[in-house]
Amino acid sequence: MPPRSNDRPSASQRWILAPIIILILLVGFALRTAQLSRQPLWWDEGLNAHYVHYGLSGFVEEVRATHDTNPPAHRLALKGWSDLAGTSPFTLRYLSAYFDVVSIALTWTIGRRLINRRAALLATWFVALSPLHVYHAREAKGYTFAAAFSLLAVYLWGKKLKYASANTPRAIPAWNCYGLGYALSVALSVGAHYYQILAVVWQGLWTGSRLAWRVVHRGRYRQELVLTARWIAAAGAGALLILPWVLLTFDTAFQGAANVSHQPPLSLFACIGQIIQALSAGPILYNTWPVLALILGGLAALGGLIARSRRSEPLFMSTWFGVPLLLAYLLQSRFSFFSPRFLLYLGAPYYLLVAQGIVTLERCLNRRFPLRPNLLSIGRGSIILLAIGVTGLWMNDLTRLYTRPINQNEDFRPAIVHLRNLSKPGDALAYNYIWQAGYVMSYYPGNDLTLYRTHYDPDEAASALSAIFEKHPRLWLLNYRIASQDQDNLPAAWLEAHAYKLKGQWYGYHQLTLYLAPDAHLPGIGPIENTATFERGVKLTYPAIDVESQPGDVLPLPLRWQALELLERDYHVFVHLGHPNAPPLAQNDGPPHNGLAPTTTWSIGEEVIDRRALLIPQAISPGRYALMVGLYDKSTGERLSLDDAGPGVDKSEERLLLGYVTVSPPAE
């Protein structure tokens, strides 16, 4: 597929073209990497951040256990990259930005061979500025990786292996490194996302149709048969590279795809319209319908060119974009979980089609309104105005990509700050969704936490959590959109009933709660043998406290409540640390037994175990502080006074002194 003879650039033109292409690449790179870590990681990004910490066997096991639907190529590449550069959000997303810049360069390389330099330059500029491309190049996902290798496969298959032209080359090209490169590119593109196989199917249809045309119309098809056999061998080699993964994970991936295909399939026009809309106006619509009109106009102009052209390149470009588009419609009819981002690799042929349509308009206008050579032609001026108009409208969308508000409900970074400040060596963290583990690994690298996934059956939760506490004295529970008090939260239900709990903190949709083992104990906490009685017949059995602690420590306080008479009001327990007759410096207030045993449900003589945890604040000054406990009416705030607390205790007191906590300076 050599360049057209009348389109070869002169030496002076090459000096002009090279800086322009470099400038476009730099613009594309800047758009994709500016403020790359501003937005928080989002679900699938956390998923990829999780997988990069596994070896191959562990990776396969995790993918099967979670019914993940994605093949491994991008994640394996991301693992290799993160092993060198780290797992920060910027690093993970940078790989996507890099491969999208590669796609910009490949668009130019393919376009100048298929069409001409002017259309290729315009299409390259469109890819560099495309809101859809920029948006997904700023995510730690595999779409740009897959798109880049899909474009590389088209380049090697079409240009180097001579499949793009309808005419069979006089000399069949040698099947050397280009054939191997094509097979590897197919394996990497399909191995990053299964929707890439639609482009390979298109290549097979194009190759087969060339052979059929030669057989039917010309009769001499020997060379075409050799080319077809070579393509089958190369595509088969690429398939063999990913076949082991497919065999290992097909059943779980199929089930995962079926599980998420809940919405009704799209109609043909809705499916195609959604894809063209995303390519024209980006993944987040603001006010870019004029861009859609411009690009559809370009496509319409190209239609006239295809109808009159005797060259095969326009048909090649049209089928490159159209065949995978139609196949995607058929596929989403079976698995309705679909998004235009799955077809990001169609961005290059789409913008090349648009650019070709615009160049066609230019030629028509030049023929209709010829001007002297030294003047700016009507056609060329129209191209400049169209390019400026599309650029201006897209810049509005691009600006919003960098300035749109951060979704505070999904931002996990404040929770990571809390975890950094309070976690200690030997802690464990339990999570429900594996992307939560990816968040922790990416935002808190090098942590000492041991992570556990909590997909438990009802009869497994108790034994699994007890086993964790045998290894770890403290367990962090990470919830998403479900509170610890929710009965459907199986691990939290057991922890609320049996462990010491430090009040959970909500960070948007994320709740982070610290639990201490049911048998947690610190030196200085005596046996549970002291008793006191509050008014209304509430008896407390408690240990004497005289402990030494540091800021950031959590104290387990075992309390035992007993009703000597029926209680008609709902009382809450408070534990305060500080100086008498002064506001508390630390406290743990709430219903007994984490709300599982309201005082109005107590039976006479029933003992209620109340494991409470108290956090020593980071900002507390060294010193000796009193630890006090009491009860108050939830509705009125009125405290219960002491009836009997041993000799020397004033019965009018509304709190009981448990003992003292000596806070020492933090260790250097």
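The values are calculated or read from the model by the stated rules, or taken from the named source; none is laboratory data. What you are looking at is a predicted structure, and each value in this text was computed from that prediction instead of being measured. Virtual Cβ from ideal backbone geometry, glycine too; neighbours counted across all protein chains shown.
Worth a mention:
- Any hit, the range 644-654, residues being within 15 Å of residue 531 (Cα to Cα) and at pLDDT 75 or above: no
- Check on residue 613, closer than 28 Å to residue 484 by Cα, in a loop (DSSP other than H, G, I, E, B) and not β-branched (Val, Ile, Thr): no
- Meets criteria (of a type outside the set (Phe, Trp, Tyr) and crowded, with 20+ Cβ neighbours inside 10 Å) for residue 522: no
- Among the numbered conditions (1) modelled with pLDDT of 90 or more; (2) in a loop (DSSP other than H, G, I, E, B); (3) among the aliphatic types (A, V, I, L, M), the only one that residue 582 does not meet is (1).
- The sole residue among 562, 511, 505, 587 that is crowded, with 16+ Cβ neighbours inside 10 Å and assigned by TED's automatic domain parsing to the domain that holds residue 489 is 511.
- Listed conditions (1) of a type outside the set (Val, Ile, Thr); (2) in a helix (DSSP H, G or I); (3) touching a His at 6+ places or on another chain (Cβ under 9 Å) are all met by residue 84, apart from (3).
- Residue in the range 94-112 that is within 29 Å of residue 255 (Cα to Cα), in a helix (DSSP H, G or I), touching a helix residue (DSSP H, G or I) at 6+ places or on another chain (Cβ under 6 Å) and modelled with pLDDT of 95 or more present: yes
- Summed over the range 472-513, the residues that are basic (Lys, Arg) and at pLDDT 95 or above give a count of 1.
- Residue list for the range 590-629, filter: touching a Ser or Thr at 6+ places or on another chain (Cβ under 9 Å) and crowded, with 16+ Cβ neighbours inside 10 Å: 591, 592, 594, 608, 616, 625
- Of all the residues in the range 322-339, those that are at pLDDT below 90, within 22 Å of residue 148 (Cα to Cα) and touching a helix residue (DSSP H, G or I) at 6+ places or on another chain (Cβ under 6 Å) number 1.
- Residue count for the range 368-422 satisfying the condition of being in a loop (DSSP other than H, G, I, E, B) and at pLDDT 65 or above: 9.
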